[in-house]
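Worksheet: the structure to be examined is printed underneath.
Just so you know, all these numbers are worked out from the coordinates, no wet-lab data involved. As the structure is a prediction and not an experimental result, all values here were calculated from the model. Every residue, glycine as well, gets a Cβ built from its backbone with ideal geometry; the counts of neighbours run over all protein chains shown.
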Amino acid sequence: MKTPWSDEEEAARESLVRWGRSLFERGLTPGSSGNMSVKLADGFLVTPTNSCLGFLDLDRLSKLDPAGRHVAGDAPTKELPLHFAFYEARPSARAVVHLHATYSTALSCLADVDPADAIPPITPYVVMRVGRVPVLPYTRPGSPDVAPLIRAKAPAHPAILLGNHGPVVAGTSLEAAVFAMEELEETARLTILTRGMAVRHLGQQEIADLEATFQLKG
Ligand SMILES: O=C(CO)COP(=O)(O)O
Ligand SMILES: [Zn+2]
């Protein structure tokens, strides 16, 4: 039977439900925390506010027009300013994912983390998928005050930590954003596990070689 949506929208709805369940079931964002969005040819699909990412209903996802006005489905996430700031700053972005993943959120709360570079280059994949990750000053969840902070950092950084809150990542597809988010969380976990140990970081030469071989796309 024909759905009321374009093929693109149908695929994006299925993808949001599938990735939401996967992220929730792996404990990457608890309760009703986190939100995701996908940019379509005729607007945006976003997760409804207060929804659990593990139990998204394909028919009830929030649909917004290209100007960000709510046109169908349940009321959208309160983090629209966060998502739209990423889309404005990164024209290549087709998806934005925000989670309360434990280890990256832990890093976002540490007073002695470098706000320009929270994730040390300890493995090649973090360099390839997320690059340097800045930490923003704390803003209230849902506050529009986050937008200028994101717009300032997002052109050069597809992954950002919201201070005392959690990670947000943009990608050229929902899958790419999720993969980058998973790499960020894994590396945050390794960073915290190895805190206080004598860790060998990748050197400038090794990082330059990765950057030259694998273009960071966002
Ligand atoms: O993580 C969240 C806020 O930062 C969840 O908010 P929403 O339920 O409105 O998406
Ligand atoms: Zn949040």
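A Cβ distance below 7 Å, combined with a sequence gap of six or more or placement on separate chains, defines the contacts here; from the stretch 10-38, residues that are in a helix (DSSP H, G or I) reach residues that are more than 13 Å from ligand 1 (Cβ to nearest atom) and polar (S, T, N, Q) in the pairs 10/3. Restricting the stretch 112-145 to residues that are in contact with a strand residue (DSSP E or B) (Cβ under 7 Å, 6 or more places away or on another chain) and hydrophobic (A, V, I, L, M, F, W, C), which is surrounded by the fewest Cβ atoms within 10 Å (Cβ to Cβ)? Step by step, filter the stretch 112-145, then rank; the result is 113. If you take the residues in the stretch 26-50 that are within 13 Å of ligand 1 (Cβ to nearest atom) and surrounded by fewer than 20 Cβ atoms within 10 Å (Cβ to Cβ), which one is nearest to residue 8 (Cα to Cα)? Checked the stretch 26-50; the qualifying residue nearest to residue 8 (Cα to Cα) is 48. Beta carbons closer than 7 Å, at least 6 apart along the sequence or on distinct chains, pair a first residue in the stretch 175-192 that is without any contact (Cβ under 8 Å) to a residue 60 or more places away in the chain and within 9 Å of residue 126 (Cβ to Cβ) with a second that is among the basic types (Lys, Arg) and in a helix (DSSP H, G or I) for 183/129. The single condition among (1) under 29 Å from residue 83 (Cβ atoms); (2) in contact with a Leu (Cβ under 9 Å, 6 or more places away or on another chain) that residue 215 does not meet is (2). Taking the stretch 26-50 as the range and being closer than 18 Å to residue 104 by Cα and either of a type in the set (Asp, Glu) or within 14 Å of ligand 2 (Cβ to nearest atom) (or both) as the test, the residues that pass are 28, 29, 30, 31, 32, 33, 34, 35, 36.
Taking the stretch 79-133 as the range and being within 16 Å of ligand 1 (Cβ to nearest atom) and free of Cβ contacts under 8 Å to residues at least 60 places away in the same chain as the test, the residues that pass are 80, 83, 108, 109. Scanning the stretch 57-74 for residues that are among the aliphatic types (A, V, I, L, M) and touching a Pro at 6+ places or on another chain (Cβ under 8 Å) yields 61, 64.
Restricting 16, 80, 53, 23 to those that are away from ligand 2 (no atom under 16 Å from the Cβ) and either buried (at least 22 other Cβ atoms within 10 Å of the Cβ) or aliphatic (A, V, I, L, M) (or both) reduces the list to 16. Scanning the stretch 12-20 finds one or more residues that are among the polar types (S, T, N, Q) and under 16 Å from the mean Cα position of the chain (by Cα). Can residue 72 be described as crowded, with 23+ Cβ neighbours inside 10 Å and more than 16 Å from ligand 2 (Cβ to nearest atom)? Answer is no for this residue.
Return the total of residues in the stretch 44-83 being assigned to a strand (DSSP E or B) and under 21 Å from residue 150 (Cα atoms). First the steps, then the outcome.
Step one: list which residues in the stretch 44-83 are assigned to a strand (DSSP E or B), which gives 44-46, 48, 62-64, 70-72, 76.
Next, only the ones that are under 21 Å from residue 150 (Cα atoms) stay: 44-46, 64, 76.
Count: 5.
Residue 115 meets each of the listed conditions (1) away from ligand 2 (no atom under 16 Å from the Cβ); (2) touching a Ser or Thr at 6+ places or on another chain (Cβ under 6 Å); (3) within 18 Å of residue 149 (Cα to Cα) apart from (2).
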